[in-house]
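Down below is the structure, laid out as structure tokens.
Read the figures in this text as sums done on the coordinates, not as results from a lab. If you're wondering where the values come from, they're calculated on a predicted model, not measured in any experiment. Here Cβ is always computed from backbone atoms with ideal geometry, including for glycine, and neighbour counts include all displayed protein chains.
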Amino acid sequence: MNLMAEADNLVVTLRGDLDDEYIDLLRERLPAEVGRRRSRGVIIDLSAVDFMDAHAARVVEETAKALSLLGAETVLCGIGPGLAASLVDLQSGLARLPAAGWLEDARDVLEELKRRRRV
Amino acid sequence: MEREAVVTEVMRTPMPLVWDQVLMLPIVGLLDSERTQKILEMALNGIQEHRAKVLIVDVMGVMVIDEAVASHILKIAAAAKLMGCLCILTGVSPQNARTMVELGIDLGNIHTHSTLRDGLEAALAHLGLRVVGKREG
């Protein structure tokens with residue numbers, strides 16, 4: 001997975017089949033990076049992901065909760081029609097996370113969430 | 001034979017882009033599981049294609065909003081939200097509003113308006129826009 005720092009935000013780009021090994025890496029690596037960098041915001045870019053099973057969806061959801069405990073807001077972006085429909089079928093809790101269509105929008109949403117957190 | 005023609009016709013109902021990034025999905029007539037699936041696909045593809053931030057689902061043409069229809073609408077709204085698109089419901093008639101309450105249907109957080117006009121205003125507000133007369137400002 002690709003991690004890119006933008007100011008005090010992290011953009012994580014996930015790709016391809018999110019097999020167990022990959023998804024466990026996310027679960028460990030992302031909170032560690034956020035902790036290390038003291039990131040305030042994380043964007044998880046799913047535009048290169050066509051499918052997620054229940055396990056992958058759950059891990060992403062739990063990782064977002066962990067990040068929240070570390071003081072970081074998480075925004076999902078790039079979810080396409082197929083992935084959106086299958087996540088709804090799975091009744092995934094990911095639907096409760098803030099989401100944006102594109103990266104630029106995700107940045108705006110993230111800044112707004114961070115602003116509210118500071119109040 | 002006639003019903004089939006109506007269903008086919010309705011499946012080809014276009015989704016107008018009523019404003020930049022505001023897509024409208026008119027739902028008309030009878031909904032079976034095949035149609036609801038096609039409508040969902042069409043709506044989500046439309047959201048992606050137009051980078052829509054708001055999807056106005058208009059149900060003026062739906063005679064009865066029962067649990068099945070409500071469930072379909074909730075599914076569209078949840079999937080749209082995952083794509084960063086807000087769902088606004090319009091065209092709910094007073095009769096349908098009563099029916100939904102009687103059936104205990106809960107549309108959750110979906111913003112609902114009885115008229116398309118109000119729904120459009122809400123959609124524009126979500127985008128940070130409002131309509132002003134030419135003589136103002």
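How would you rank A:60-66, B:125-131, highest first, on the average number of other Cβ atoms within 10 Å across their residues? List each step's numbers first, then the result.
Working: A:60-66: 18.3, B:125-131: 10.6.
Listed from highest to lowest mean packing, they are A:60-66, B:125-131.
Sorted fewest first by neighbouring Cβ atoms within 10 angstrom, B:Thr112, A:Thr74 come out as B:Thr112, A:Thr74. For chain A, return all DSSP H helices satisfying: extent of Cα atoms along own axis at least 24 Å; mean Kyte-Doolittle hydropathy at least 1.6. Membrane-span-like by this rule: not one helix. Our note on the geometry: Cα centres of the range A:92-119 and the range A:65-80, 8 Å apart.
Write out the trypsin sites (Lys or Arg not before Pro) in the range A:12-64 meeting two conditions: DSSP loop, and at most 14 other Cβ atoms within 10 Å of their Cβ.
Here the sparse-neighbourhood loop sites are A:Arg38.
Cross-link partners for A:Lys114 among the lysines, with Cα-Cα distance under 28 Å and sequence neighbours closer than 8 places in the same chain left out: A:Lys65, B:Lys53, B:Lys81. Calculate the tail of P(r) for the protein assembly as shown: the fraction of all Cα-Cα distances greater than 28 Å, expressed in %. Percent of Cα pairs beyond 28 Å in the protein assembly as shown: 39.
If you count, for every residue in B:71-84, the Cβ atoms of partner chains within 10 Å of its Cβ, what is the mean?
6
Equivalent ellipsoid of chain B: semi-axes from √(5λ) of the C-alpha gyration tensor, largest first, are 25, 18, 15 Å.
Ignoring lysines fewer than eight residues from B:Lys38 along the same chain, the ones with Cα atoms less than 16 angstrom from its Cα are B:Lys75.
Other chains' Cβ within 10 Å of A:94-102 residues: what's the mean? Walk me through the intermediate numbers first.
Values: counts 1, 5, 2, 2, 2, 6, 4, 12, 4.
Other-chain Cβ atoms within 10 Å of each residue's Cβ, averaged: 4.
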